[in-house]
1. Name the residues of the stretch 180-220 whose amide N is less than 13 Å from a point 7 angstrom out from the Cα of T285 along the C-beta direction?
2. Using the Cα centre of the chain as the reference point, and only Cβ charges (+1 on K/R, -1 on D/E), how large is the resulting charge dipole? Debye, rounded to the nearest 20.
3. Specify the residue with the greatest mean-square fluctuation among A19, A33, A215, computed from a Gaussian network of the chain linking alpha-carbon atoms under 10 Å apart.
4. Taking the Cβ of each residue in L61, L42 as the centre, tally the other Cβ atoms inside 10 Å and list the residues starting with the fewest.
5. Among R194, R261, R164, which one shows the highest mean-square fluctuation when the chain is modelled as a Gaussian network with alpha-carbon springs under 10 Å?
6. Spin-label point model (7 Å from Cα, Cβ direction): what's the D192 to R263 distance in nm?
7. With the calculation restricted to Cα positions, what are the radius of gyration and Dmax of the chain in angstrom?
8. What GluC sites (Glu not before Pro) does the stretch 104-161 have in DSSP loop regions with at most 10 other beta carbons within 10 Å?
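Laboratory data are not the source of any read-out in this text; all were calculated from the coordinates shown. Only a predicted model underlies this, so the values are computations on that prediction, with no experimental measurement involved. We place every Cβ from the backbone using ideal geometry, glycine too, and count neighbours over all the protein chains shown.
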Amino acid sequence: MKWFQKIAVSDSRVRLEDALKHLLECDEAGRGATVDSLAGALGRPRGEVAEILGQLRGRGLATASGDAHHLTEDGRLYALQVVRTHRLYETWLARETSTPAVDWHRAAHKAEHHMDAAEVDAMADRLSNPRFDPHGDPIPTREGDMPRRSLTSLASWPDGKPARIEHIEDEPETLFRQAEALGFAPGTRIEDTRHLDNGSIECRVEGRTLAIPAAVAPLIHVAGPEPDEDLPAGLGRLSDLPISGEAVVHSLSPSCTGAERRRLLDLGVVPGTRVRCEFASPFGTPRSYAIRGALIALRDYQADRILIHPPTALA
């Protein structure tokens, strides 16, 4: 941990910490890191990477056994602190800002090299010490423990079995953008899954039938829903409510985060609230909704994130 506090913010620190994260990933997977694997992870020449590994060994953060490199206990604690900083910062961005999800990773990668342990612990306290980040990745504790859980890739999930998204890999970014565009986030319920011949997966999500591309499905990790987590029949999205239609708010979608979530809650969009679609603009969006005696305008992408009971639920 002393290295986390003493190495100045510099290109050298960034390279060393990125290397430590790769070694941690390899150790967690039960394999050692090599010059070639680190060169690929960092996108740097083999000669430069060999020097980085030498620096890690010289500082007592890594050891070598043949071609494989592993973290020492000091190296593991340091790497976990870097990962902790990254994931807590992403959590802060998701909860407290309007930063788009696709930008969380890059912003957190920068922050992880500039914050010291005391700042990170203070941020964790402000966030009530979350166990998982907004992608569903476990956040190491300040003592250096990493929560673990067993998850299954959606690509191998059985047809017809309901699931709950627990984790979405945020790299490669192009595929993460596709998952985010589908409205997926940890906590999203998936039903009626069906593997298609082209490798994609058709499923029912929040009242809509979606096709998840074959390349995106392996990035999504799921588990079975909790026993008391049954969704009401006919659950839909506010954006699908017709003009003059009425419904009851069930919840905000898990993909609704940060400032957007706080705004909707402040407007009274909470479970059990009655809502009526009054009229739409000439272009179809935004639409005006009567909620708790007030008219509020929402664009379709905002109304997409509000889950409703069908009108028959009012009877």
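1. 181-183
2. 580 debye
3. Maximum fluctuation in the GNM of the chain, among the listed residues, is at A215.
4. L42, L61
5. Per the Cα network of the chain with a 10 Å cutoff, R194 tops the list.
6. 3.2 nm
7. Cα-based Rg and Dmax for the chain come out at 22.7, 72 Å.
8. Qualifying residues, ordered by number: E143.
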